[in-house]
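The values are calculated or read from the model by the stated rules, or taken from the named source; none is laboratory data. Note that the structure is a prediction, hence the values are computed from the model and not measured. Every residue, glycine among them, receives a Cβ derived from its backbone with ideal geometry; neighbour counts consider all protein chains shown. The accessibility values were calculated without ligands, DNA or RNA, using every heavy atom of the protein model including side chains. Shrake-Rupley method; radii C 1.70, N 1.55, O 1.52, S 1.80 Å.
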Amino acid sequence: KSDIVDSMIRYVTTHTKGIEELRSSIQRMLDQTEGKTTRKAQTQRDKYSCLKEIADECVTIDDVTRTINKMFANEDRPGATRLSSCHRSKGLEAKRVVFWEYDRCGAYATLGWERQQSRNLEYVGITRAMEELVLARSMG
């Protein structure tokens, strides 16, 4: 499992009062990142947006954890989705790759070496696809 998946599961399982408490907590976390442009805030927004989509389709906390595990945790299962950063995807390949917010690569780079590192990571992300590459732009 990835660190992201583990983090999502830990967050979900701390909400022992039920799905409505979880949904409210997710919305508070999304509200806290509203208008913030740091890398950390964007990462948090991505995580909680994903959790919101999952939680909105579930009835119980157990449903949410099962859905997360089914979607992301067993990456070796045929047809499973691998959720990964470009750093973690080095050396891996997949038939179909969705490069999420590819246009934000380097958005936080200010120094020359940081911009070069961002270009290198963008190259890694783009070259992971064996058959199909989907480039998904950011919405903002």
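Might you let me know whether the stretch 22-33 holds any residue that is surrounded by 15 or more Cβ atoms within 10 Å (Cβ to Cβ), modelled with pLDDT of 85 or more and small (Gly, Ala, Ser)? Yes, the stretch 22-33 contains a residue that is surrounded by 15 or more Cβ atoms within 10 Å (Cβ to Cβ), modelled with pLDDT of 85 or more and small (Gly, Ala, Ser). Every condition in (1) of a type outside the set (Val, Ile, Thr); (2) at pLDDT 85 or above; (3) open to solvent by 50 Å² or more (accessible area, probe 1.4 Å) is met by Lys1 except one, and the failing one is (2).
Would you say Lys36 is surrounded by fewer than 13 Cβ atoms within 10 Å (Cβ to Cβ), at pLDDT 80 or above, outside any helix (DSSP H, G or I) and touching an Asp or Glu at 6+ places or on another chain (Cβ under 8 Å)? Steps first, answer last, please.
Values: surrounded by fewer than 13 Cβ atoms within 10 Å (Cβ to Cβ): yes; at pLDDT 80 or above: yes; outside any helix (DSSP H, G or I): yes; touching an Asp or Glu at 6+ places or on another chain (Cβ under 8 Å): no.
No: the conditions fail for Lys36.
Select from the stretch 104-132 the residues that are in a strand (DSSP E or B) and under 15 Å from Ser89 (Cα atoms) and write down the one among them that is least open to solvent (accessible area, probe 1.4 Å). Steps first, please.
So the first thing to find is which residues in the stretch 104-132 are in a strand (DSSP E or B), and the list is 129-132.
The next check asks that each one be under 15 Å from Ser89 (Cα atoms); those that pass are 129-130.
Numbers: Ala129: 29, Met130: 106 Å².
The extreme case among them is Ala129.
Return yes or no: is Arg66 open to solvent by 80 Å² or more (accessible area, probe 1.4 Å) and modelled with pLDDT under 80? Judged against the criteria, Arg66 is not a match. Only a single criterion out of (1) modelled with pLDDT under 80; (2) assigned to a loop (DSSP other than H, G, I, E, B) is not satisfied by Met71, namely (2). Please work out if Leu135 is open to solvent by 70 Å² or more (accessible area, probe 1.4 Å), modelled with pLDDT of 75 or more and more than 15 Å from Cys50 (Cβ to Cβ). When the stated conditions are applied, Leu135 passes them.
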